[in-house]
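The structure appears below as structure tokens.
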Amino acid sequence: MDLSYTPAELSFREEVRAFIRQNLPDEIRAKAGLSAYYEAADLRAWQRILNDKGWAASHWPVEYGGPGWSAVQRYIFMEEILQAPAPEPLSFNINMVGPVVYTFGSQEQKAHFLPKIRSLDYWFCQGFSEPGAGSDLASLRTSAIRDGDDYVINGQKIWTSTAHDANWMFCLVRTNTTGKKQEGISFVLIDMATPGITVRPIITIDGEHHTNEVFFDNVRVPIANRVGEENKGWDYAKFLLGNERTGIARVGLSKGRLTRAKRLAELSQTQEGKLSDDPFFRRRCIEIEVELKALEITALRIIDRQRKRNDGQPDPASSILKLRGAETQQATSELVAEVAGPLGLAYTHGGKAPWRDFAADDLTAVLGAVPNYFLARAASIYGGASEIQKNIISKAILGL
Amino acid sequence: MDFDLSSEQSMLKDSVHRLMTQRYTQEARQRFMAEPEGWSRDNWRQFAELGLLGLGFDEDLGGFGGTMVDTMIVLESFGRGLVIEPYLGSVVLGGGILRHAEFGARADMIAAGADGSRLFALAHEEEGARYVLSHVSTKVRRTAGGFVLEGRKINVIAGDSADTLFVTARTGGGIRDQGGISIFAVSKDQAGVTVEPYRAIDGSRYAAVTLAGVTLPESALVGTIDEGFAVLDRAVSDALAAVCGEAVGLMEVMLHTVVEYLKTRNQFGGPLARFQALQHRAAEMYVATEQARSMAIYAAMMAGEPDDRERRRALSFAKVQIGKSLHFVGQQAVQLSGGIGVTDEYIVGQQFKRSTAIERQFGDVDHHLSLIDAIDRHS
Ligand SMILES: Cc1cc2nc3c(=O)[nH]c(=O)nc-3n(C[C@H](O)[C@H](O)[C@H](O)COP(=O)(O)OP(=O)(O)OC[C@H]3O[C@@H](n4cnc5c(N)ncnc54)[C@H](O)[C@@H]3O)c2cc1C
């Protein structure tokens, strides 16, 4: 048992830090400091930079374009990205669809899709949820009926994040309506330019456009775009969600927010003095820090165990990471919003103060913190809501 | 001991409730928000007709009488309807200055406020104030005939709609001293006054008010020079008690909406309401709402308490409980709604935004915990 990084790992961390410092474009860096959102173009630009370096798909096998890092190196890499903060490589591509394609896809699919998934030439969105199939995903009804070499798809997806930026979707469709509902689902890749697809925006509680409804009206998708076997899509989806959950703790993101809250608290004056000297505030920061430390070590333990088992099966303990990860993301977004105090009452959109310009190093940088807090409420809803994670733990681990 | 409403209070409650159910549907509310001022003048006239705008002012001053309990009743209904009109800003806060300060134009202003022809705003908050009520850096220069004001105020509720702004400014003392604060009545079209409206996180309309060499006559002074803090403190006490009432109304509707949702949303072959984890969560929301209701009543009873220490301590108690309950009920209402809870359109999301704003208005939980602690340590 050894919790410290080896000298080699430490120098790897330095290498990653230096790379981010030297290569993250200034305008992208500036947005992170101002509670502003990254644009699609920012994500594309940054992922290309990472891909050119061979770092876009940190946990993929080398043969598919991964860098061949150890689990610890991968972890260090993600932490450095999140703490910088820099945009994460697009999770839909790198954590979700990529591993499904290289694990269950055909040779042709691997050769065609994987390089484009890495480079973000293909931007994938996730077409799982439907109006009637949220937590109960297996009840999904969007249908795919065979017609010659195609499936003809009809139905509706909802909450499809980034569908307005994406040119591809990985989608769960119903290919069989008899028998157990889990056994009639297939996993298909859909070109968003196919006729019959309509994308309609959903504006979220922060006033921004992140997510969508997607409608399918007789959309023809080649059967060749199905990944794996017909009616086995549920297994691939479970594999994918297990991967999603390991990546979802986002400890680095929360650490970055905590640092930001502390820095901004230096600029805020309570009745007694600086907010950063306030014992209530300090204790809350420390409590979050303790929780983050525990979460970080738990994440490493689960990664280590998965690596040693090496059976590709999802680990139900990854529910801990989703559960506590969402909570700490929420706690830290809340902390920044609290630091904002009454300034947080002003609604701002993408980095402009209502009454004057503001800069990252003055107190008005807290503007926008409250909409961020609003959106962070979604972290305990998407990717399997917290209640569902608790159900998984109580059933799959505790046998209740 | 009696927690029942009087028959007049029951009538008031019924009439405001009727107004809400008739006029304040969700679609109507969107329309009101889209009006030029971000709220509806037509509703304001209705409020005037019902006597709501003169509520809380003594009859000998041109008001309709009424206590903080009456104001709480109105605000509770407004919370349920998610009312966007600046009642809090104009009638309770601006009106609070009129209630607690004595000056020449007062009776005329109260009458004009009560009939709806005139709106008021308190222009007090400043960028560096955080929640410290005595933080005032706006400068005053004395001249032969009066005063010249210089400074910037933010988060002024309905600052662009108000005819008269009550501006706090420093005539003596240091930036956070309670002594040396004075209040001035400033007309918004006075030379040197710039009002920049903006949207608040709860969808209501705020403004930043910049005062650049605003020249005022002697008569613009509201109350006694250097002693404005006492008036400000009383006005804010009233407003704090009022938002406690609004918070209770909000929590009630959030809970109600969620309970209905759990009964009708089907997942895993039946309604969500059959999951005990969710039943217990809803039960906790109910408990939090009732605890808050008790403290809203306490706040309404104590808002008029003349002893500063007693009043401040009681109101801080109320705001701590209200803040904690709002936080829990608001977050859980979103959580139990699932994805729809985090959309801009859904009513629960909008109610959650208003809850989040109330958590901050007149001080958050930490601020009031510190105030209580300071009071207790110094007595
Ligand atoms: C911002 C955002 C982005 C999203 N992005 C995507 C995306 O890109 N692609 C995609 O496919 N989906 C996406 N989702 C959808 C997300 O996965 C669903 O919202 C989620 O699965 C919950 O489903 P629901 O919203 O229908 O809520 P419901 O399933 O209706 O749940 C409502 C509430 O009931 C609880 N509940 C449900 N079942 C149980 C139970 N058995 N026991 C106890 N409690 C229960 C839930 O936890 C929740 O609190 C996104 C959602 C959001 C909010």
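The values are calculated or read from the model by the stated rules, or taken from the named source; none is laboratory data. For clarity, every value in this text was computed on a predicted model and none was experimentally measured. FYI the Cβ positions are ideal-geometry reconstructions off the backbone, even for glycines, and counts take in every protein chain you see. Side chains are part of the model used for accessible areas, which takes the heavy atoms of the whole protein and leaves out ligands, DNA and RNA. Shrake-Rupley method; radii C 1.70, N 1.55, O 1.52, S 1.80 Å.
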Inset, instruction - Confirm whether A:Phe77 is within 14 Å of chain B (Cβ to nearest Cβ) and of a type in the set (Phe, Trp, Tyr). - result: no
Legend entry - Filter result for B:Ala357 (closer than 23 Å to B:Arg80 by Cβ, within 16 Å of the ligand (Cβ to nearest atom) and assigned to a helix (DSSP H, G or I)): no
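Which residues, taken from segment A:211-224, are under 29 Å from B:Glu345 (Cβ atoms) and open to solvent by 50 Å² or more (accessible area, probe 1.4 Å)?
To start, the set of residues in segment A:211-224 that are under 29 Å from B:Glu345 (Cβ atoms) comprises A:211-219.
Selection gives A:Phe215, A:Asp217, A:Asn218.
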Inset, instruction - Answer with yes or no whether A:Thr160 is β-branched (Val, Ile, Thr), out of contact with any helix residue (DSSP H, G or I) (no Cβ under 7 Å at 6 or more places or on another chain) and within 14 Å of the ligand (Cβ to nearest atom). - result: yes
Inset, instruction - Show the residue pairs that are 6+ apart or on different chains and have beta-carbon atoms under 6 Å apart, the first residue being within segment A:371-395 and without any contact (Cβ under 8 Å) to a residue 24 or more places away in the chain, the second being more than 6 Å from the ligand (Cβ to nearest atom) and open to solvent by 10 Å² or more (accessible area, probe 1.4 Å). - result: A:Ser394/A:Leu400
Legend entry - Unmet requirement for B:Arg293, which otherwise passes all of (1) within 17 Å of B:Leu75 (Cβ to Cβ); (2) in a helix (DSSP H, G or I); (3) open to solvent by 20 Å² or more (accessible area, probe 1.4 Å); (4) within 12 Å of chain A (Cβ to nearest Cβ): (4)
Legend entry - Within segment A:136-154, considering residues that are open to solvent by 30 Å² or more (accessible area, probe 1.4 Å) and in contact with a Ser or Thr (Cβ under 9 Å, 6 or more places away or on another chain), the one nearest to the ligand (Cβ to nearest atom): A:Arg141
Inset, instruction - Only residues in segment B:311-340 that are farther than 24 Å from B:Ala239 by Cβ count as the first member; pair them with residues that are more than 16 Å from the ligand (Cβ to nearest atom) and among the hydroxyl-bearing types (Ser, Thr, Tyr), Cβ under 9 angstrom, at least 6 apart or cross-chain, and list the lot. - result: B:Gln331/B:Ser355; B:Ala333/B:Ser355
Inset, instruction - Give just the number: which of (1) of a type in the set (D, E, K, R); (2) in contact with a Phe, Trp or Tyr (Cβ under 9 Å, 6 or more places away or on another chain); (3) within 13 Å of the ligand (Cβ to nearest atom) does B:Arg265 not satisfy? - result: (2)
Legend entry - Matching entry among B:Gly79, B:Gly38, B:Gly66 (being surrounded by 15 or more Cβ atoms within 10 Å (Cβ to Cβ) and under 22 Å from B:Leu165 (Cβ atoms)): B:Gly38
Legend entry - Whichever residue in segment B:336-379 is acidic (Asp, Glu) and more than 20 Å from B:Arg205 (Cβ to Cβ) and, among such residues, is farthest from the other protein chains (Cβ to nearest Cβ): B:Asp376
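Filter segment B:308-342 for residues that are more than 30 Å from B:Leu272 (Cα to Cα) and aliphatic (A, V, I, L, M); which is nearest to the ligand (Cβ to nearest atom)? Spell out how you get there, then give the answer.
Step one: list which residues in segment B:308-342 are more than 30 Å from B:Leu272 (Cα to Cα), which gives B:308-320.
Narrowing further to those that are aliphatic (A, V, I, L, M): B:314-315, B:318, B:320.
Numbers: B:Ala314: 36, B:Leu315: 34, B:Ala318: 30, B:Val320: 27 Å.
Going through the qualifying residues, I end up with B:Val320.
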Legend entry - Residue that is in a helix (DSSP H, G or I) and out of contact with any helix residue (DSSP H, G or I) (no Cβ under 9 Å at 6 or more places or on another chain), where the choices are A:Ala111, A:Ala45, A:Ala138: A:Ala111
